[in-house]
Amino acid sequence: MSNDLAGVWEVALSDGVHRIEFEHGTTTGKRVILVDGKELLRRDWMFKLVGKETFNVGKSDTKATINIDAVSGFAYEYTLEINGKSLKKYMENRSKVTSTWVLNLDGTDSRVVLEKDTMDVWCNGQNIETAGEFVEDGTETHFTLGDHNCCVKAVSSGKRRDGIIHTLLVDGTEIAECTE
């Protein structure tokens, strides 16, 4: 890694947490973007030191943009946008549209993500095949992880503000949701 490292961000998407690194050579005009250690973009000898670089992250090709702005003199500010929103706003919105659980199954750490709008379930970056059914108090989305029977229960909180509560059960045991 060069000493031109200007910014590092961790972005949680349904297919996992991605590490974005940005190198900016202010004397050479170099711009390098790495996602999860893989080089996605390299520009050498750019004369315009400010601007934007747009690229895709993750299996769903989520749009990301790094903004390079001059603050004063030779000082620069680097901000990351995901789907046109600041990283902070994107993550706040994401917590409303997804539920995430981190658990250890058979000695392996697993990250399960539910996309509430589509009811898609992801585990460690893989979209999982599910079967949904309506039950007396809501819905259940069934799937398996290894030899474990899993179910995401969706029930009304009874409060308009809280909406629907999603709970992950693995072999009948409730798993606590994590905040990313």
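The values are calculated or read from the model by the stated rules, or taken from the named source; none is laboratory data. Just so it is clear, the structure is predicted and the values come from calculations on it, not from any experiment. Backbone-built Cβ (ideal geometry, glycine too); neighbour counts: all protein chains shown. Remember, those area values only see protein heavy atoms, side chains included, never the ligands or the DNA or RNA. Shrake-Rupley method; radii C 1.70, N 1.55, O 1.52, S 1.80 Å.
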Inset, instruction - Check the range 93-112 and report whether any residue there is without any contact (Cβ under 8 Å) to a residue 40 or more places away in the chain, within 22 Å of ILE164 (Cα to Cα) and open to solvent by less than 40 Å² (accessible area, probe 1.4 Å). - result: no
Legend entry - the range 16-30 residues that are more than 11 Å from VAL57 (Cβ to Cβ), paired with ones that are of a type in the set (Ser, Thr, Tyr) and surrounded by 14 or more Cβ atoms within 10 Å (Cβ to Cβ) (beta carbon under 8 Å, 6 or more apart): PHE22/TYR78; HIS24/TYR76; HIS24/TYR78; THR26/TYR76
Inset, instruction - Please specify each residue of the range 48-69 satisfying the condition of being open to solvent by 60 Å² or more (accessible area, probe 1.4 Å) and either basic (Lys, Arg) or touching a Phe, Trp or Tyr at 6+ places or on another chain (Cβ under 6 Å) (or both). - result: LYS48, LYS52, LYS59, LYS63
Legend entry - Residue that is farthest from the chain's Cα centre (by Cα) [pool: residues in the range 73-91 that are open to solvent by 70 Å² or more (accessible area, probe 1.4 Å) and modelled with pLDDT of 90 or more]: GLU77
Inset, instruction - Considering each of LYS63, LYS30, LYS59, LYS85 in turn, give the residue that is farther than 15 Å from VAL8 by Cβ, in contact with a helix residue (DSSP H, G or I) (Cβ under 9 Å, 6 or more places away or on another chain) and outside the structural domain of CYS151 (by the TED database). - result: LYS85
Inset, instruction - Quick one: which strands (runs of 3 or more DSSP E) lie wholly within the range 92-173 and hold at least 1 residues that are within 23 Å of the chain's Cα centre (by Cα) and either modelled with pLDDT of 95 or more or not acidic (Asp, Glu) (or both)? - result: 98-105, 108-115, 120-123, 126-128, 138-145, 148-156, 164-170
